[in-house]
Amino acid sequence: MQAHESILIVDYGSQYTQLIARRIREQHVFCRIIPPQTLTAELIKQEQPNGVILSGGPNSVYQPNAPLPPREMFDAGAPVLGICYGMQAMAHLLGGTVEKSGKREYGRSPLTIKQSDGLFKDVKPESVSWMSHGDSVTKTPPGFVPTATTSNTGFAAMADSTRRLYALQFHPEVAHTEEGPKILRNFLFDICGCRGEWTMASFIEHTTQRIRETAGKANVVLGLSGGVDSSVAAVLIHKAVGDQLTCVFVDNGLLRANERAQVEKMFSRHFHIKLDVVDAAQRFLKRLAGVTDPEQKRKIIGEEFIRVFEQEAKRIPDVQFLAQGTLYPDVIESTSAWGGPSATIKTHHNVGGLPKQMNLKLIEPLRDLFKDEVREVGALLGLPDDVLWRHPFPGPGLAVRILGEVTEERLQIVREADERVIDEIKKADLYRQLWQVFAVLLPVKTVGVMGDERTYEHVIAVRAVTSQDAMTADWAKLPPEALGRISNRIINEVKGVNRVVYDISSKPPSTIEWE
Ligand code: XMP
């Protein structure tokens with residue numbers, strides 16, 4: 001039984017599944033995405049979700065091995081909403097007919113409502129919907145009636161309101177479906193009886209209580225990177241267990257300007273969290289000496305991090321828990337029906353990379369949250385915008401932004417250049433619009449002239465991208481004036497650089513980082 005009201009979303013592989021989840025969370029209702037193979041009537045009886053949503057997906061219900069919900073699920077007592085493929089699966093299983101449409105519908109489609117109660121209460125009789133399907137329902141199952149049409153199909157929606165089963169051929173979750181939000185609200189509040197109690201304040205209350213119960217009197221260790229996720233996790237866990245939490249911050253020498261000082265100030269002095277700052281710069285630099293291969297650098301840094309972290313964690317008495325700032329999208333990525341580990345594109349090590357042999361149990365208080373919810377939690381806990389809106393920074397740090405060997409001298413150049421890039425971007429009020437912006441030190445020197453002297457010095461590349469999730473990214477069209485100021489400041493203020501270039505590649509085919 002769920003501690004709070006919830007909706008289960010079964011993911012049949014739609015590109016919009018996460019969007020369905022976002023839309024529901026926006027209504028302050030908790031929801032969870034599960035892969036099709038875990039959906040059983042028993043699960044529904046056990047969890048007693050307020051409702052179930054069957055997502056869209058690329059399959060055709062008649063394909064061999066098409067993933068289908070178990071038939072008994074429809075009698076398990078929870079209202080069900082099938083969307084697109086979810087509708088076709090319902091029709092197919094419950095005795096209707098689904099066929100390949102003569103007319104495929106993609107994009108905008110004018111929708112006419114035939115039954116204006118239940119799912120369509122207060123929905124305009126005529127509105128625009130968003131379709132994306134090749135198959136269509138051509139006969140409703142017994143007990144169902146068609147409830148909406150478009151010019152291409154008489155079955156744009158169907159319902160069996162006695163059994164509380166509803167289905168839509170169009171996508172209510174996408175912004176182009178005008179009445180989508182109203183339809184989803186009708187499902188959540190009228191049909192499923194949700195009250196919309198999932199707020200970040202209530203999340204903090206439940207979660208701190210749960211952390212307290214889980215940890216008991218044992219100690220918890222957390223690898224703090226200074227990024228949004230580990231910072232919010234740290235403050236939340238500290239609120240729950242106070243001094244039982246120790247945060248370990250590894251200074252690997254590959255950090256940005258002032259990063260260590262900022263972390264010390266924030267967590268130790270402001271929040272009074274026990275903070276163990278490990279000065280490991282020399283260890284990392286020694287192991288990186290002479291290494292130029294990017295993958296080799298990553299491997300060394302990942303291994304060394306775990307070694308250092310483990311050494312420190314072992315010094316904490318009675319430590320039984322390792323806390324991590326894992327977020328919901330990471331959880332979905334590793335468990336979804338179509339994703340699973342093999343579809344995980346990033347193999348990046350993170351600062352939370354687990355020391356497995358320590359046998360610590362995990363505390364992951366943010367694993368149900370999306371990034372914007374984490375920011376909201378952080379704000380409620382008193383973390384400043386500076387931390388909450390900080391751009392992502394890779395675990396291997398500046399090492400993957402120095403092409404070629406990592407040395408103290410090169411670190412200093414890229415760090416000073418980066419500081420100026422960020423400073424100018426913030427002054428121009430562009431920081432929040434960008435996913436990331438940073439400096440990269442290239443392994444070439446070029447000729448320049450400063451004063452009357454010929455110079456032969458390093459090149460800095462500036463990389464700025466916009467993105468939603470780092471899977472794809474576009475280079476940012478920064479105003480030329482801002483680029484000019486960045487270039488001037490780097491060349492004038494950073495010793496050893498006489499040229500600045502701007503990276504105009506998108507991802508794919510390039511990546512965001514250069515290594
Ligand atoms: P790429 O370069 O693959 O980066 O386009 C995608 C996003 O991931 C970040 N990144 C990393 N993050 N450990 C991390 O924690 C890593 O090893 C790592 N490598 C890249 C990168 O900054 C971007 O946001």
Any hit, the range 343-357, residues being modelled with pLDDT under 95, in contact with a helix residue (DSSP H, G or I) (Cβ under 7 Å, 6 or more places away or on another chain), within 30 Å of residue 213 (Cα to Cα) and basic (Lys, Arg): no
Could you grab me the full set of residues in the range 271-307 that are within 16 Å of the ligand (Cβ to nearest atom) and open to solvent by less than 30 Å² (accessible area, probe 1.4 Å)? 284, 288, 291, 297, 300, 301, 302, 304, 305
Sole miss for residue 240 among (1) out of contact with any Ser or Thr (no Cβ under 8 Å at 6 or more places or on another chain); (2) under 29 Å from residue 201 (Cα atoms); (3) in contact (Cβ under 8 Å) with a residue 24 or more places away in the chain is condition (1)
How about the range 196-217: which of its residues are small (Gly, Ala, Ser) and open to solvent by 10 Å² or more (accessible area, probe 1.4 Å)? 196, 201, 202, 216
Index of the failed condition, residue 127 passing every other in (1) buried (at least 21 other Cβ atoms within 10 Å of the Cβ); (2) under 16 Å from residue 171 (Cβ atoms): (1)
Exactly one condition in (1) over 30 Å from residue 9 (Cα atoms); (2) crowded, with 20+ Cβ neighbours inside 10 Å is not met by residue 327; state its number. (1)
If you go through 263, 220, 248, the only one that is part of a helix (DSSP H, G or I), of a type in the set (A, V, I, L, M, F, W, C) and open to solvent by less than 10 Å² (accessible area, probe 1.4 Å) is 263
Filtered residues of the range 323-335 (kept if of a type in the set (A, V, I, L, M, F, W, C) and modelled with pLDDT under 95): 327, 331, 332
Criterion violated by residue 475 - all others in (1) in contact with a Phe, Trp or Tyr (Cβ under 6 Å, 6 or more places away or on another chain); (2) free of Cβ contacts under 8 Å to residues at least 40 places away in the same chain satisfied: (1)
Of all the residues that make up the range 370-384, how many are within 16 Å of the ligand (Cβ to nearest atom) and modelled with pLDDT under 95? 1
Filter result for the condition that a residue is in a loop (DSSP other than H, G, I, E, B) and modelled with pLDDT under 95, over 404, 395: 395
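Residues are listed down the side, and each one gets a yes or a no for (1) away from the ligand (no atom under 16 Å from the Cβ); (2) surrounded by fewer than 20 Cβ atoms within 10 Å (Cβ to Cβ); (3) more than 27 Å from residue 302 (Cα to Cα):
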{"position": "365", "(1), (2), (3)": "yes, no, no"}
{"position": "368", "(1), (2), (3)": "yes, yes, no"}
{"position": "386", "(1), (2), (3)": "yes, yes, no"}
{"position": "398", "(1), (2), (3)": "no, no, no"}
Residue under evaluation residue 121, criteria (1) in contact with a strand residue (DSSP E or B) (Cβ under 6 Å, 6 or more places away or on another chain); (2) among the charged types (D, E, K, R); (3) closer than 16 Å to residue 186 by Cα, criterion not met: (1)
In the range 400-414, the residues that are touching a residue at least 60 places away in the same chain (Cβ under 8 Å) and within 16 Å of the ligand (Cβ to nearest atom): 400, 401, 403, 406
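The values are calculated or read from the model by the stated rules, or taken from the named source; none is laboratory data. Keep in mind the model is a prediction, meaning the values are calculated, not measured. Cβ sites come from the backbone with ideal geometry, for glycine too, and all protein chains shown count toward neighbours. Heads up: the accessible areas ignore ligands, DNA and RNA and are worked out on the full protein's heavy atoms, side chains in. Shrake-Rupley method; radii C 1.70, N 1.55, O 1.52, S 1.80 Å.
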